[in-house]
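K.L.:
Below is a structure I'd like to ask you about.
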Amino acid sequence: MKKSSFSQTIFKPWYTAFTVSVIYAIVGGLWVFFSEPLLSKWIDDPETFRHSKIISQWLFIVVSAQLLFLLIRHRELAFIRNEESLYRVNRALRVFSECKKAITWDTDEFELLRKICRILVALGGYRLAWVGYATQDDEKSVKPVAHWGYEDGYLHSLKVTWDESIYGQGPAGTTIRTGQTVIVQNITSNPKFKPWRESALDHGFNSAISLPLHNGSKIYGALVILAAEADSFDLEEASQLEELTDDLANRIRVMHSEAAQKKDKEEQLLLAKVIHQAAEGVLTYDREARVQYLNPAWEGICGVSARDVLNNSLHELLCCRRNEEFYRAVRKVIETGEASTGQYLNLREDGSRYRIEANISPVMTEYSDVVRYVAVIRDVTYESQLEDQLRTAQKMEAIATLAGGIAHDFNNILAAILTNTELVLDDFPLDDPLREHLEVVYQAGARGKSLVKQIVTISRQNVQERKPVCVEFIVDECLKLLRATLPATIEIRKDIAADLNPVSADPTQLHQVILNICTNAADAMEEHGGVLEVRLEEVTVASRYDDIHASLHPGSYLKLSIKDTGHGMPREILERIFDPFFTTKGHGKGTGLGLSVAHGIIKNHGGLLNVESIPGKGTEFHIYLPKIYCVEEQPACNDELLVATGRERILFVDDEPALVFSGQKILEKLGYEVVTGTDSRTALQLFIEQPASFDLVITDQTMPHMTGEMLARELLKVRSDVPIILCSGNVLNDSSGVSMAKARAIGIQEFMNKPYERSEMSRLVRRMLDNQPGGDAAWQRS
């Protein structure tokens, strides 16, 4: 594709018709004027002269014809060369024009390379053009990425590298390694082309040129062109191809730059969308604390509007003034330039509180210059509430362990105190002055019994029988009772919805919960009076994942709200309000178990008890209880006699001598014949020896050597129909070693919790004996 100047060659004098005629005239004239004088001078004989003249004229004709032929032929060759030059120039112009178009308009790198190869082959007349990129693998191979022309498997079998090996000495490898254009004018004789010579000649390649592709200082590839003729690439053509390759490399560099910019822009847009749609709140501000951006999550968490915050200083915003601790953290980051992380309890404009986890940090350039600051917050209110519930549950579990540990021994002690005191009271006249002291002892024991029962309730070991209960009736009973005891300065307001569904509950425990919370409310308003508001309604919990009903299953509930206008509670007290033995009342005014018990009762009923309080405004408790829709009619209560007597023979077994003594005395006063034992093994042997002599067995559960359950199994092996009452200071469940279901499966018919009272024991013993075939003669002694 040489750029020969057609105008310079076509108008040279040597190549014009005028030049041909002038030369012909000069040669003819010289021959005419000088040939005859020369012949006459050399030849004297006229005949010879005449013949010589004829020969001279013939020679003139021959020489002039030959000269004319040469001149005309030279002229023809000049025209042919000029036409070829013109063709090559036009071809070069077309190649450059098409390549420029492709370089200008194509946007895909590899499609552009393929198109350039196609133009060089189709318009440039070359046999094959291909582009190879240098790879960074172990072999430093050159990978063909585009080609056009007569390839026919040539590139597929081509092994080219850009290292110093024999496969790196070819045009492409040398160009990539050195950055220089490499020309092979004759593939047949070039020694460096030896690894590929045979394949190249088979495909009709005889010369080649390799031109570097670079992105500035780094060579990353080569454009290789193979021609069918040897010596196809002169210096001028090589220069033109270098110019073309430079344009191609520049375009590829621009493509890479545009692709990188597009990718950066897409990543920035994606990052902006991620931040905008993130669940975490994001806010950026400058050195003057002027807000530059905040995402919707920040608006939702903090309860602010972007239009009220953007371009305003954090120093002036009311939301920052409300939340001083968080605002101080923001200022500290500006002053110190150090990141800050922490949790903050904030207040929204509507007065609602929320807890956030915040990460505040400066945004720096690569030169460590601070350009702005960013605060990322996450609403952890729900998590904090779950943690509070977990801590409460762990405390309840701890008190449950404590209750399980002390209940048995404590109940044994109380049983001895209560039963023996009751026995002594029976022997004292009503007007005896000592009777009053014994009654105090008995009342103290009963109070201790109630205290243990509350502890057991907290531990969730006490499973009471539940039945359908109309909560509104219990609320009415509690409020009537409270009205008689509250001062006139406290007003009671009641708001109970109509047609409420019942709940499955223990009415005594619900009564206890409502009275406890209402009494606490009254205590909070004791000094200045106020309003006690009780509201009962039906609600639906749609999701267990909202922050209020986190522990509730979705469904319908009765919601009982008890609100007072007392002094309220700060957060540090609110966090401990359900802790066992925690109380804010003075000495002697409370055990600190009331709300712990209430919490345990409601939780055991599948409900939820939570509390809200604002210091100086009051406190509100919310009780959620699951509704039921099918109500079974309850049998009418049949009052039994306080004391039932008999004359049967009873085996009484307990490892506590004091309980054996008191139990024996109570039963004997009721008319029964009692045989006692403090060792379960001895009692078993006694029963084996006289199985027909006992109508009933009363045994403790927790005893050394053999538990009550084990003793019952052995007794039933001896006599399968013997009635057995199992006693325990613990509640019967899996953690105590034997559950009620397991005990009934063994054959144990009744249970009695310690400390028991005489009336309770008398009714249970009588019912057991009366249920045996034959009534009070259940077993005919032999």
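K.L.:
Kindly check whether there is at least one residue in region 149-156 that is more than 23 Å from Gln169 (Cα to Cα), in a strand (DSSP E or B) and open to solvent by 10 Å² or more (accessible area, probe 1.4 Å).
P.N.:
For region 149-156, residues more than 23 Å from Gln169 (Cα to Cα), in a strand (DSSP E or B) and open to solvent by 10 Å² or more (accessible area, probe 1.4 Å): present.
K.L.:
Next question, about the same structure. Kindly state which strands (runs of 3 or more DSSP E) lie completely within region 163-234 and contain at least 2 residues that are hydroxyl-bearing (Ser, Thr, Tyr) and buried (at least 21 other Cβ atoms within 10 Å of the Cβ).
P.N.:
Hits in region 163-234: 207-214.
K.L.:
Right, something else. Answer with yes or no whether Trp58 is at pLDDT below 70, assigned to a helix (DSSP H, G or I) and open to solvent by 80 Å² or more (accessible area, probe 1.4 Å).
P.N.:
It is false that Trp58 is at pLDDT below 70, assigned to a helix (DSSP H, G or I) and open to solvent by 80 Å² or more (accessible area, probe 1.4 Å).
K.L.:
Considering each of Met364, Met396 in turn, give the residue that is modelled with pLDDT under 90 and surrounded by 15 or more Cβ atoms within 10 Å (Cβ to Cβ).
P.N.:
On the way: Met364 fails: surrounded by 15 or more Cβ atoms within 10 Å (Cβ to Cβ).
Matching residue, one of Met364, Met396: Met396.
K.L.:
Could you check how many residues of region 137-148 are in contact with a strand residue (DSSP E or B) (Cβ under 8 Å, 6 or more places away or on another chain), over 22 Å from Ala238 (Cα atoms) and open to solvent by 30 Å² or more (accessible area, probe 1.4 Å)?
P.N.:
Adding up the residues that qualify gives 4.
K.L.:
Would you call Ile334 in contact (Cβ under 8 Å) with a residue 40 or more places away in the chain, in contact with an Asp or Glu (Cβ under 7 Å, 6 or more places away or on another chain) and open to solvent by less than 70 Å² (accessible area, probe 1.4 Å)?
P.N.:
Values: in contact (Cβ under 8 Å) with a residue 40 or more places away in the chain: yes; in contact with an Asp or Glu (Cβ under 7 Å, 6 or more places away or on another chain): no; open to solvent by less than 70 Å² (accessible area, probe 1.4 Å): yes.
Against the criterion (in contact (Cβ under 8 Å) with a residue 40 or more places away in the chain, in contact with an Asp or Glu (Cβ under 7 Å, 6 or more places away or on another chain) and open to solvent by less than 70 Å² (accessible area, probe 1.4 Å)), Ile334 does not qualify.
K.L.:
Sort out for me the strands (runs of 3 or more DSSP E) sitting completely within region 645-728 that have 1 or more residues that are open to solvent by 10 Å² or more (accessible area, probe 1.4 Å).
P.N.:
Values: elements: 649-653, 673-677, 696-700, 724-728.
Where strands (runs of 3 or more DSSP E) fall fully within region 645-728 and carry at least 1 residues being open to solvent by 10 Å² or more (accessible area, probe 1.4 Å), they are 649-653, 673-677.
K.L.:
If we only count strands (runs of 3 or more DSSP E) wholly inside region 464-544, which ones have 3 or more residues that are touching a residue at least 40 places away in the same chain (Cβ under 8 Å) and over 26 Å from Lys617 (Cα atoms)?
P.N.:
Values: elements: 467-469, 490-496, 503-505, 530-541.
Counting at least 3 such residues, we get 467-469, 503-505.
K.L.:
Could you go through region 129-136 and let me know if any residue there is touching a Ser or Thr at 6+ places or on another chain (Cβ under 6 Å), more than 23 Å from Phe233 (Cα to Cα) and of a type in the set (Ser, Thr, Tyr).
P.N.:
yes
K.L.:
State whether one or more residues within region 408-418 are of a type in the set (Asp, Glu) and modelled with pLDDT of 85 or more.
P.N.:
Our first condition is that a residue be of a type in the set (Asp, Glu); within region 408-418, this holds for 409.
Then drop every residue that is not modelled with pLDDT of 85 or more, which leaves none.
No, the conditions are met nowhere in region 408-418.
K.L.:
Being touching a Phe, Trp or Tyr at 6+ places or on another chain (Cβ under 8 Å), in a strand (DSSP E or B) and of a type in the set (A, V, I, L, M) is true for just one of Val333, Val376, Val371, Val363. Which residue is that?
P.N.:
Working: Val333 fails: in a strand (DSSP E or B); Val376 fails: touching a Phe, Trp or Tyr at 6+ places or on another chain (Cβ under 8 Å); Val371 fails: touching a Phe, Trp or Tyr at 6+ places or on another chain (Cβ under 8 Å).
Going through Val333, Val376, Val371, Val363 in turn, the sole match is Val363.
K.L.:
Return the pairs, sorted by first residue and then second, in which the second residue is aromatic (Phe, Trp, Tyr) and outside any helix (DSSP H, G or I), the first residue lies in region 383-394 and is in contact (Cβ under 8 Å) with a residue 40 or more places away in the chain, the beta carbons are less than 8 Å apart, and the residues are 6+ apart or on different chains.
P.N.:
Matching pairs, first to second residue: Thr392/Phe578.
K.L.:
If you scan region 456-491, which residues turn out to be among the β-branched types (Val, Ile, Thr) and modelled with pLDDT of 85 or more? Outline the logic, then answer.
P.N.:
In the first step, residues of region 456-491 are kept if they are among the β-branched types (Val, Ile, Thr); the result is 456-458, 463, 469, 471, 474-475, 485, 489-490.
Result: Val469, Val471, Ile474, Val475, Thr489, Ile490.
K.L.:
In region 355-370, how many residues are more than 21 Å from Val274 (Cα to Cα) and free of Cβ contacts under 8 Å to residues at least 24 places away in the same chain? Lay out the reasoning, then the answer.
P.N.:
Quick first cut of region 355-370, residues more than 21 Å from Val274 (Cα to Cα) only: 355, 365-370.
If we keep only those that are free of Cβ contacts under 8 Å to residues at least 24 places away in the same chain too, we end up with 365-369.
The qualifying residues number 5.
K.L.:
Then there's this: It is to be established whether one or more residues within region 123-136 are touching a residue at least 60 places away in the same chain (Cβ under 8 Å) and part of a helix (DSSP H, G or I).
P.N.:
No - not one qualifying residue is present in region 123-136.
K.L.:
Same structure, new question: Can you confirm whether region 700-713 contains a residue that is at pLDDT 85 or above, more than 28 Å from Leu423 (Cα to Cα) and among the acidic types (Asp, Glu)?
P.N.:
yes
K.L.:
Only one of Ala78, Ala92 is open to solvent by less than 30 Å² (accessible area, probe 1.4 Å), part of a helix (DSSP H, G or I), touching an Asp or Glu at 6+ places or on another chain (Cβ under 9 Å) and modelled with pLDDT under 75; which?
P.N.:
Values: Ala78 fails: touching an Asp or Glu at 6+ places or on another chain (Cβ under 9 Å).
Step by step, each of Ala78, Ala92 is checked, and only Ala92 is open to solvent by less than 30 Å² (accessible area, probe 1.4 Å), part of a helix (DSSP H, G or I), touching an Asp or Glu at 6+ places or on another chain (Cβ under 9 Å) and modelled with pLDDT under 75.
K.L.:
Answer yes or no as to whether Glu109 is under 56 Å from the mean Cα position of the chain (by Cα), open to solvent by less than 70 Å² (accessible area, probe 1.4 Å) and either more than 30 Å from Ala260 (Cβ to Cβ) or without any contact (Cβ under 8 Å) to a residue 24 or more places away in the chain (or both).
P.N.:
When the stated conditions are applied, Glu109 does not pass them.
K.L.:
Among Asp495, Asp506, Asp476, which is the only one that is closer than 17 Å to Ile602 by Cβ and among the charged types (D, E, K, R)?
P.N.:
Numbers: Asp495 fails: closer than 17 Å to Ile602 by Cβ; Asp476 fails: closer than 17 Å to Ile602 by Cβ.
Result of the check over Asp495, Asp506, Asp476: Asp506.
K.L.:
Go through region 233-254 and give me each residue that's modelled with pLDDT under 85 and within 25 Å of Glu151 (Cα to Cα).
P.N.:
Asp234, Glu237
K.L.:
Search region 600-619 for residues that are touching a residue at least 24 places away in the same chain (Cβ under 8 Å) and assigned to a helix (DSSP H, G or I) and pair each with any residue that is among the charged types (D, E, K, R) and open to solvent by 20 Å² or more (accessible area, probe 1.4 Å) when their beta-carbon atoms are under 7 Å apart and the residues are at least 6 apart or on different chains.
P.N.:
Cβ pairs passing all conditions: Gly600/Arg460; Asn604/Arg460.
K.L.:
Would you pick out the residues in region 246-297 that are open to solvent by 90 Å² or more (accessible area, probe 1.4 Å), touching a helix residue (DSSP H, G or I) at 6+ places or on another chain (Cβ under 8 Å) and assigned to a loop (DSSP other than H, G, I, E, B)?
P.N.:
Passing the criteria: only Arg287.
The values are calculated or read from the model by the stated rules, or taken from the named source; none is laboratory data. Since the model is a prediction, treat every value here as computed from it, not as a measurement. With ideal geometry, Cβ positions are generated from the backbone for all residues, glycine too; neighbour counts draw on all protein chains shown. Accessible surface is based on the protein model in full, side chains and every heavy atom, while ligands, DNA and RNA are left aside. Shrake-Rupley method; radii C 1.70, N 1.55, O 1.52, S 1.80 Å.
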